[in-house]
Amino acid sequence: MPMASISRWTLAYFLVALSCLTLALGSMAMGFGFPGEGLLASSTLIVVHLVAIGWLSLLMLGALLQFLPVLTGRALRGASLAPVALGLLVCGLCMLLAGFAGIEGWWGLSAALLPWGGALLLAGFGLAVAMLATPLIGGKALPLPARFVALALFCLLGAASLGVLLAGMLAGLLGDDLAAALAERGVALHAGFGLGGWLSLAAMGVSYRLLSMFLLAPERRGWRPQLVLWSGAAGLTALLAALGLVLAGGEAAPAMLAAAGLAAGLAVALYIGDVAGLYRSRKRAVLELHMGAALPAFAALPLGLGLLLWAGFSGETELVAPVAVYILALGWLGGLGLAMLYKIVAFLTWLECFAPLMGRRPTPRVQDLVREDHAMVWFWLYFAGVAVAGAALWAQMPLVFRSGAGLQMLAVLALIQQFYRARRLADLPAEWRDLPRPRLFLPAPIERKMT
Amino acid sequence: MTDLELDVRPLLRNGGEPFGAIMAAVGSLAPGQRLKLFATFRPEPLLAVMASKGFSHEATPLDGGEWQVIFTPEGEDITSPAVASDPEKWPDPSYYIDCTEMDPPEPMVRILAQLEAMAEGEVAFALLGREPVFLFPELQARGAGWVGDFDATGENYRLMVRAGRKP
């Protein structure tokens, strides 16, 4: 019988992820990186990888360690390696960022650190994928959300491997032909596998289950969600073919990128239809905050992808593509992540503190651990910040962009305080507040004894 | 099969307590074998205990106020480990909980509250919208048995929970 217990290191992943997000937003607010500097400047690369690896990937891995057994109904093995993977990823990320700084020769650092950082990251991601694959491999057919995750994990390995090659290119370790080919097309493919294949597919898969769970809506069945998955897979196959061509002969492959873009567009259009269907068919009349706060994130997905496709087909890539990527990374993925964290942190805290008491004494509801009226303001501010920053990128107004990023940083700091209060049971009604508080983010010292 | 005979009259006449001897005899019964007990009175408390172990009884008065009781194994002993591990042998559910319209973690709260109110061996049936994977460790920690699967449509999860011995 499948069992899901509390994943002991998930909150540590979340803590590192939130720290990276705050750092990245703070850097952007200070004018570090794009648009003040070039798209491929060291400072921009530092900020982008803080967001993509530090924030989004660690958030997703932490969440999957907890919820993949729920999606599959099968146990996850090797969970004790979670802190090792986290350590490898944090060290790898630090080394990678140091390597980016080394390209400019800042603080006496060297670009030679880049391949080492890439290798450590690949090892960390590989270990995480090995753990997460255990509930995915086995006899029975996987439920649909888990198949999205399986494909996403495959893309994670692809994005990380390509990242190692790019790091080698930047460190000057590759031959001229390959380096030139990678410089021209490699970055777009790396981002496609990372933001699209890994993070977006995983978020889509997990959201199918979470939405039906938290909205009390019947799960989406039939051809539509299947076609979302198959379109996504087709788009990734086209990306893979484009990558093969780049690695083999260095030929740019616009037709394949166009095919990948169209497949992604179809997948997202169908997916958004499914999301709208889930919200419409829900049995819960009143939306909880995390479900309400997810709405702007869902809106950001078609907006960001639409802009990206338009940029690709019209050739306006230099101006529009960064806007699209910003909206996808911080509006769609980041916004959805923050909204779900708001529920997950409270839920895990509730499970840790009150599961042993259930049925033996009255227990609070999960909602009692948080103050939705307080947190709602900060979600509004966050998405307003994304809109301001995105629009300012388009309008080429760097100061406005910085204030948008600053607004987001303020909102994230305030939400971190809300998560902290939930962990400390600070918003619980007085009758339950005398209970022993859980640790903030480290695992509980002793697991409950199972008889 | 011959009945196992146990005469506790000498023990009772000497002021002894026969319960241990009777339980030892019950434990040594072959499957389907009856226990024929001789006592100096009609052993009312024992009848209830044996009923809970799945034995019917036939009590016959003898001369001098003494009694002969024949215990016949009818059903399964609902407290035996063999029954606890075999859901086929569980009694019919005494409680039904429909959790299909509850959002998580309400089903877990309701099922555990019901479990705490149940006597050992009692069974509750719950219908859920999904597999309650976070509930299972808690059931295990509380010594309860459970069995569950999705119905044919795959939309509802059927769960039977059997209360174990209270700590």
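The values are calculated or read from the model by the stated rules, or taken from the named source; none is laboratory data. Nothing here was measured: the structure is a model prediction, and the numbers come from that model. Quick reminder, even Gly has a Cβ in these numbers, built from the backbone with ideal geometry, and neighbours come from all protein chains shown. What goes into the accessible areas is simple: the full protein's heavy atoms, side chains included, and nothing from ligands, DNA or RNA. Shrake-Rupley method; radii C 1.70, N 1.55, O 1.52, S 1.80 Å.
Quick check of the Kirkwood formula: for segment B:87-162, what is the inverse mean of 1/r over all pairs of different Cα atoms, in Å? It would help to have the intermediate numbers written out before the result.
Numbers: mean 1/r = 0.0809 Å⁻¹.
12.4 Å is the Kirkwood radius here.
Of the trypsin sites (Lys or Arg not before Pro) in segment A:181-247, which ones lie in a loop per DSSP and count no more than 10 other C-beta atoms within 10 Å?
On the way: sites: A:Arg185, A:Arg209, A:Arg220, A:Arg221; in loops: A:Arg220, A:Arg221.
Answer in residue order: no site qualifies.
Determine, from the Cβ-Cβ distance of A:Leu413 and B:Ala152 and an R0 of 51 Å, the FRET efficiency 1/(1 + (r/R0)^6), rounded to the nearest 0.05.
Numbers: r = 50 Å, r/R0 = 0.99.
Once rounded, the FRET efficiency stands at 0.50.
Given contacts defined as C-alpha pairs under 8 Å and at least six residues apart, what's the relative contact order of segment B:87-162, whole-number percent?
Values: 112 pairs, mean separation 26.5, N = 76.
It comes to 35 percent, rounded to a whole number.
Taking the Cα centre of each part, how many Å lie between segment A:11-54 and segment A:143-187?
Cα centres, segment A:11-54 to segment A:143-187: 20 Å.
Calculate the dipole size of the protein assembly as shown relative to its Cα centre from +1 charges on Lys and Arg beta carbons and -1 charges on Asp and Glu beta carbons; express the result in debye to the nearest 20.
Values: 42 positive and 45 negative charges, 150 e Å.
It comes to approximately 720 debye.
What aspartates and glutamates does A:Lys343 reach when the alpha-carbon gap must be under 18 Å and sequence neighbours fewer than 8 apart in one chain are set aside?
A:Lys343 reaches A:Glu288, A:Glu352, A:Asp368, A:Glu372, A:Asp373, A:Asp427, B:Asp103, B:Glu106.
Heavy-atom accessible area per residue, segment B:4-73, 1.4 Å probe: how many Å²?
Details: 3670 Å² over 70 residues.
Ligands and nucleic acids excluded, the result is 52 Å² per residue.
Treat segment A:2-119 as a sphere of radius equal to its Kirkwood radius over Cα pairs and apply Stokes-Einstein at 25 °C in a medium of 0.890 mPa s; give the translational diffusion coefficient in µm²/s, rounded to a whole number. Could you put the intermediate results ahead of the total?
Values: Rh = 15.4 Å.
Reported coefficient: 160 µm²/s.
Not counting ligands, DNA or RNA, and with a 1.4 Å probe, what is A:Phe32's accessible surface area in Å² rounded to the nearest 10?
Around 60 Å² of this residue is reachable by solvent.
What nm value, rounded to one decimal, do you get for the distance between B:Ser52 and A:Glu431 when each label is placed 7 Å out toward the C-beta?
Calculated label separation equals 3.3 nm.
How far is helix A:398-423 tilted off the main Cα axis of chain A, in degrees rounded to 10, range 0 to 90?
30 degrees
Could you work out the equivalent-ellipsoid semi-axes for segment B:1-143, taking the square root of 5 times each eigenvalue of the Cα gyration tensor, largest first, in whole Å? Kindly include the intermediate steps, with their values, before the conclusion.
Working: eigenvalues 356, 40, 33 Å².
So the equivalent ellipsoid measures 42, 14, 13 Å along its semi-axes.
Ignoring ligands, DNA and RNA, please state the percent of accessible area on chain A from carbon and sulfur, probe 1.4 Å. Show your work: numbers first, answer last.
Numbers: 12550 of 18200 Å².
It is 69 percent, rounded to a whole number.
Report the rotationally averaged projected area of the protein assembly as shown based on its alpha-carbon convex hull, in square nanometres. Before the final figure, lay out the partial values.
Details: hull surface 137.2 nm².
Reported value for the Cα convex hull: 34.3 nm².
To the nearest 0.05, how large is the calculated FRET efficiency for A:Val84 and A:Leu39 if R₀ is 35 Å and r is the Cβ-Cβ distance? Spell out each step's value before the answer.
On the way: r = 34 Å, r/R0 = 0.98.
FRET efficiency, A:Val84 to A:Leu39: 0.55.
For a distance above 17 Å, tell me the whole-number percent of Cα pairs in segment B:4-73 that qualify.
Values: 845 of 2415 pairs.
Looking at segment B:4-73, the distances longer than 17 Å represent 35 percent of pairs.
Scattering from the C-alpha atoms of segment A:183-320 alone, worked out with Debye: what is log10 I(q)/I(0) at q = 0.19 1/Å?
-1.08
Ordering A:Asp368, A:Asp373 by accessible area with a probe of 1.4 Å, largest first, what comes out? Present the calculation step by step, with values, prior to reporting the outcome.
Details: A:Asp368 35, A:Asp373 85 Å².
Correct descending sequence by accessible area is A:Asp373, A:Asp368.
Any chance you could look up the accessible area of A:Lys283 with a 1.4 Å probe, heavy atoms only, rounded to 10 Å²?
Number for this one is 120 Å².
Measure nothing fancy, just the Cα-based angle from helix A:58-72's long axis to the longest principal axis of chain A, in degrees from 0 to 90, nearest 10.
Helix A:58-72 sits at roughly 60 degrees to that axis.
Would you calculate the separation in nanometres between label points at B:Trp67 and A:Ala384, each defined as 7 Å from the Cα along the Cα-to-beta-carbon direction?
Calculated label separation equals 8.2 nm.
A:Ala276 versus B:Ala30, label points 7 Å from Cα toward the beta carbon: distance in nm?
Taking the simple label geometry, A:Ala276 and B:Ala30 are separated by 7.5 nm.
Run the reach check for B:Lys89 against lysines, Cα to Cα strictly under 17 Å, same-chain hits fewer than 8 apart removed. What comes back?
B:Lys53
Would you mind checking the tilt of helix A:223-249 against the longest principal axis of the Cα atoms of chain A, expressed as 0 to 90 degrees and rounded to 10?
Helix A:223-249 sits roughly 30 degrees off the main axis of chain A.
Using only Cα positions of segment A:64-155, each an equal point scatterer, no hydration layer, compute I(q)/I(0) via Debye at q = 0.14 Å⁻¹ and quote the log10 values to two decimals.
-0.58
In what order, largest first, do A:Val48, B:Val69, B:Val109 sit by accessible area if the probe radius is 1.4 Å? Intermediate values should be presented prior to the final figure.
Working: A:Val48 75, B:Val69 0, B:Val109 30 Å².
Descending order: A:Val48, B:Val109, B:Val69.
Please get the size of the charge dipole for segment B:4-73, origin at its Cα centre, with Cβ charges of +1 on Lys and Arg and -1 on Asp and Glu, quoted in debye to the nearest 20.
With only Lys, Arg, Asp and Glu charged at Cβ, the dipole is about 140 debye.
Which value, in square angstrom to the nearest 100, describes the accessible area buried between chains A and B on both sides, using a 1.4 angstrom probe?
Working: alone 19490 and 9590 Å², together 26500 Å².
Chains A and B together bury roughly 2600 Å² of accessible area.
Starting from 0 in steps of 10 Å, tell me what percent of the Cα-Cα pairs of segment A:303-451 lands in each bin.
11, 31, 24, 17, 12, 5, 0
Any idea what the relative contact order of chain B is, in percent, if you count C-alpha pairs under 8 Å spaced at least 6 apart? Write down the numbers at each step before the final one.
Working: 276 pairs, mean separation 26.2, N = 167.
This gives 16 percent for chain B.
Using R₀ = 60 Å, calculate the FRET efficiency as 1/(1 + (r/R₀)^6) where r is the Cβ-Cβ separation of B:Met102 and A:Ala391; round to 0.05.
Details: r = 42 Å, r/R0 = 0.70.
That gives a FRET efficiency of 0.90.
Starting from the residue with the highest accessible area, list A:Thr237, A:Thr10 in decreasing order, probe 1.4 Å. Spell out each step's value before the answer.
Values: A:Thr237 85, A:Thr10 0 Å².
Most to least solvent-accessible, the answer reads A:Thr237, A:Thr10.
Could you tally the net charge around B:Lys36, taking each other residue with its Cβ under 11 Å from the Cβ of B:Lys36, Lys/Arg +1 and Asp/Glu -1?
Overall, the nearby charge balance is -3.
Just need the relative contact order of chain A here, percent rounded to a whole number, with Cα pairs under 8 Å and 6+ apart. Let's see the in-between values first.
Numbers: 663 pairs, mean separation 65.7, N = 451.
It comes to 15 percent, rounded to a whole number.
Accessible area per residue for chain A in Å², computed with a 1.4 Å probe and the full protein assembly in place, what is it?
Computed with neighbouring chains in place, this is 40 Å² per residue.
So for segment A:384-423, Kirkwood radius off the Cα pairs, Stokes-Einstein at 20 °C and 1.002 mPa s: how many µm² s⁻¹? Working shown, then result.
Values: Rh = 10.5 Å.
The estimated diffusion coefficient comes to 203 µm²/s.
Give me the base-10 log of I(q)/I(0) for segment B:9-50 at each q in 0.23, 0.24, 0.31, 0.32 Å⁻¹, Debye formula, one uniform scatterer per Cα, rounded to two decimals.
Results for segment B:9-50 at q = 0.23, 0.24, 0.31, 0.32 Å⁻¹ read -0.87, -0.94, -1.30, -1.32.
List for segment B:112-140: residues with 10 Å² or greater reduction in accessible area, all protein chains versus chain alone, probe 1.4 Å?
Those residues are B:Leu112, B:Ala113, B:Glu116, B:Arg130, B:Glu131, B:Val133, B:Phe134, B:Phe136, B:Pro137, B:Glu138, B:Gln140.
How large is the accessible surface of B:Met23 in square angstrom, using a 1.4 angstrom probe and rounding to the nearest 10?
50 Å²
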